[in-house]
1. Looking only at region A:298-335, which residues are more than 14 Å from chain B (Cβ to nearest Cβ) and of a type in the set (A, V, I, L, M)?
2. Given the options B:211, B:179, B:269, name the one that is in contact with a helix residue (DSSP H, G or I) (Cβ under 6 Å, 6 or more places away or on another chain) and closer than 30 Å to residue B:55 by Cβ.
3. Within region A:464-486, restricting attention to residues that are at pLDDT below 90 and outside any helix (DSSP H, G or I), which residue is farthest from residue A:266 (Cα to Cα)?
4. Check A:425, A:396 and return the single one that is within 10 Å of chain B (Cβ to nearest Cβ), assigned to a helix (DSSP H, G or I) and more than 30 Å from residue B:194 (Cα to Cα).
5. Return the residue satisfying two criteria in turn: it lies in region A:362-377 and is facing chain B (nearest Cβ under 9 Å) and in a helix (DSSP H, G or I), and of such residues it is nearest to residue A:420 (Cα to Cα).
6. For residue A:412, indicate whether it is crowded, with 20+ Cβ neighbours inside 10 Å, part of a helix (DSSP H, G or I) and more than 9 Å from every other protein chain (Cβ to nearest Cβ).
7. Mind listing just one residue for me: the one in region B:206-229 that is surrounded by fewer than 23 Cβ atoms within 10 Å (Cβ to Cβ) and more than 8 Å from chain A (Cβ to nearest Cβ) and, of those, farthest from residue B:119 (Cα to Cα)?
8. Could you count how many residues in region A:333-389 are of a type in the set (S, T, N, Q) and buried (at least 21 other Cβ atoms within 10 Å of the Cβ)?
Amino acid sequence: MARDPDMQQTPPRHDATQAEPCLLRTANLTKQYGPVTVLSNVGIDIHAGEIHAIIGENGAGKSTLMRLISGYVQPSAGTIAVSGKPVAFATPHQAEEAGIVLVHQEILLAEGLSVAENLFLGRELTRNGLVDDRAMHRIAREKLDELGCHVSPRTLVRDVGLADRQLIQIGRALLDDHKLVIFDEPTAVLTGNEVERLLEIVLRLKDRNMGVLYISHRLDEVQRLADKVTVLRDGKMIGTYAGHTLSQMDMAELMVGRELSALYPPKSDAPRGEAILRVSNATVPGYANDVSFTLHKGEILGFAGMIGAGRTELFEGIVGLRPVDARVELHGQPMAIRSPREAIDAGIGYLTEDRKGKGLLLQERLAPNLTLSALRRLNPGLWLRKHQEAVALDQAVDRYDIRVRSLRLHAGQLSGGNQQKLLLAKILLTNPSVVIIDEPTRGIDIANKAQIYTFIRKLVSEGKACVVISSEMQELIGLCDRILVMRQGRINGEIAGERMTESNIAWLATAEAGVAHATEGGRV
Amino acid sequence: MSVATTEPGRLERDRDFNFNWAAAGPFLALLVLLAIGFVINPDFLSATNLSNVITRSAFIAIIAVGATFVISSGGLDLSVGSMAAFITGITIMCMNMMVPNVGLWSIPAGMAIAVLAGIACGLVNGVIVTVGKIEPFIATLGTMGIFRALITYMSDGGTIPIDRTLREAYRPVYFGTVAGIPLPILISLAVAALGAFILYKTKYGRQCAAAGANEDVARYSGISIIRTRTIAYVIQGACVAIAAICYVPRLGAATPTTGVLWELQVITAVVIGGTALRGGKGRIWGTVAGAVILELIANLMVLSDFVSEYLVAAVQGVIIIIAMLIQRFSK
């Protein structure tokens, strides 16, 4: 059940007894893009020596909040005060000068430069007007040691692993003395031990009396670290809670805004159908290694794993988007799929995770977008049948409840949820028997999510089979009949029924294969 | 229940009031130019002058129709000028070779050879760009040099004149008229109409625009980028061949300077016609208007005394930059 924010809100700490004003305070912070409000009336306080976590689903406004605080975007309304003084940052640089630094989620480093050069990029130390490499290497060494990163400052970033790159990025942020460090999903690309190391670094910052704003959707991390937790949902602030008062389940329900069980359609209790898609020994060089699985009729099969586990690449390989070595049987027939065209003809539809970059032509109208994959099916012969196209669009708008002001809008003018529904309609227009959906609800609001889950359940109840790849564990647990967990390109375990829990998924996603199997009886 | 289907009236209104300035821009510019021309020199609007100007713009217009395909599919072709010279040379040489045996039949045979040569040249460009995965700019810069060198070599640095016996029979292809309209104008209109049909009414046209608008989306939608772009270059080659066929009787010869800097005019015509240089939706009729605009400006400069006609290329250069700036800031 969702909690009432008023009951749980921590008492305000800025009472008269506290001499020092809080490190950062926002009041009524609001951001609008045109008519769309992405963040409204957010007020948070961050104190020195405190870890304040911001949680919320994708699209809840977490990144917008961070970007406002760190000067990347400017608020439409509301105020930000640092140590009691109101500020208006026009650039990230101004925020840094005020002692606020953002550690980006994406790794933004120049691969062709050395570690030290990256650390000092844009603020090189000079002596007599020339860059002072000796001093920079010395300081780089110190900073890296402090972070427990053991690469040489002279190594090119290109040759450094992902986890170390993340540490270098943090090192960059900590090079100067800042008062407030903002972490944006810092552990998204890290594995077990590396996550531990990062959490220790964050706790050490707190000990040094710095303020930390920590954005993550890994609730176990939030629970371990956070002194305070602020929940955002659909751009609105739900409340700020003392960290120890919330269980992970409480946090999840606050983020979603309703009981989790109501979000997902009931699972089917029909016995498992015949095998539709059988993939054996699939290897996508550099991404997936010797993966085998079977997908049954009427089944939603989840693929869990961390970013970089090779899930997306595996399926891009299977549908002919990248080179793959695999045996694929569809309806018992061996298939050789060498191009996306052949996958569509065979009845395998793949819905990309990158809706805007790879899914839709944002500058095009809805109808051409809808029919792009199904041009051949809808238009036998050379020319386009625009009437067919209009009929298809009408049907899709109805069936998938795509809310549009006008059918002549461009796809880019739709909201994320409606874009996702359009993309789903586009893939289903090719009439696939197997539908592979990569991140079905990334960045869309809760009502659209629930609808998309219902559509997916309906698909399989009509005899199709569905693969869902998702980074949101709750989504996989709520939606899928069975979950395969990948780690470093291999399937590390399978769970179903009662055993589908966040901790089991997280365990299988990070633990070594041998360990996972050895402890399967105990843990999983 | 969908909002869209319950508000048909609203959707209708959209259709009525949706005037597309981007699409109309080149035609408005054309009208403005005509008005300016008339003010400067009333002879400018005479039927003779206009038909001369438009006839001269026909080569660029025909080639630019092909370039609209290449550019809207996300490519670029710098080799069109050299290719036109090369095909002109091949066509004349083949016709001259066939004259002793087949007489005047060598003209249609030569035209067929021109089209085949154009398709082959386009195919070479297309395959280098798509299969070879070379940047279109570099790939066609290379073939531009190759075609130019080949025509220089074939003509031994001089000219390749067409056989005397063919000259009279071939003349009407450039100088002839039907119902008072010069043949090159009719040919370019026909090419543009066919181009517009392919780009707007066929599956290929849709795929072409998709490949140019976002290569990833097209690929993920099961469209073969290699096939789509290669066909665009082949269409470009065929258009260059048609322009070459019209060009032969104008001078009656091919020379190493035939078609020099045509690529600049062609790309300018496409861009001022409203097609985005980065790919996406192409505007065939805008391209044709663009080609006419370029020739009109050159003509205006000759007829007026304000600017030296030696600066024609400079003015065209300014126009392409302005067109790009408009595209950039109107988004």
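The values are calculated or read from the model by the stated rules, or taken from the named source; none is laboratory data. From a predicted model like this one, the values you see are computed outputs, not experimental measurements. Note that each Cβ is placed from the backbone with ideal geometry, even for glycine, and that neighbours are counted across all protein chains shown.
1. Once the filter is applied, which keeps residues that are more than 14 Å from chain B (Cβ to nearest Cβ) and of a type in the set (A, V, I, L, M), region A:298-335 yields A:300, A:301, A:304, A:306, A:307, A:309, A:314, A:324, A:326, A:328, A:330, A:335.
2. The match here is B:269.
3. Filtering region A:464-486 for residues that are at pLDDT below 90 and outside any helix (DSSP H, G or I), the one farthest from residue A:266 (Cα to Cα) comes out as A:471.
4. Going through A:425, A:396 in turn, just one is within 10 Å of chain B (Cβ to nearest Cβ), assigned to a helix (DSSP H, G or I) and more than 30 Å from residue B:194 (Cα to Cα): A:396.
5. Among residues in region A:362-377 that are facing chain B (nearest Cβ under 9 Å) and in a helix (DSSP H, G or I), the one nearest to residue A:420 (Cα to Cα) is A:369.
6. Criteria not met by residue A:412.
7. B:215
8. Qualifying residue count for the region: 4.
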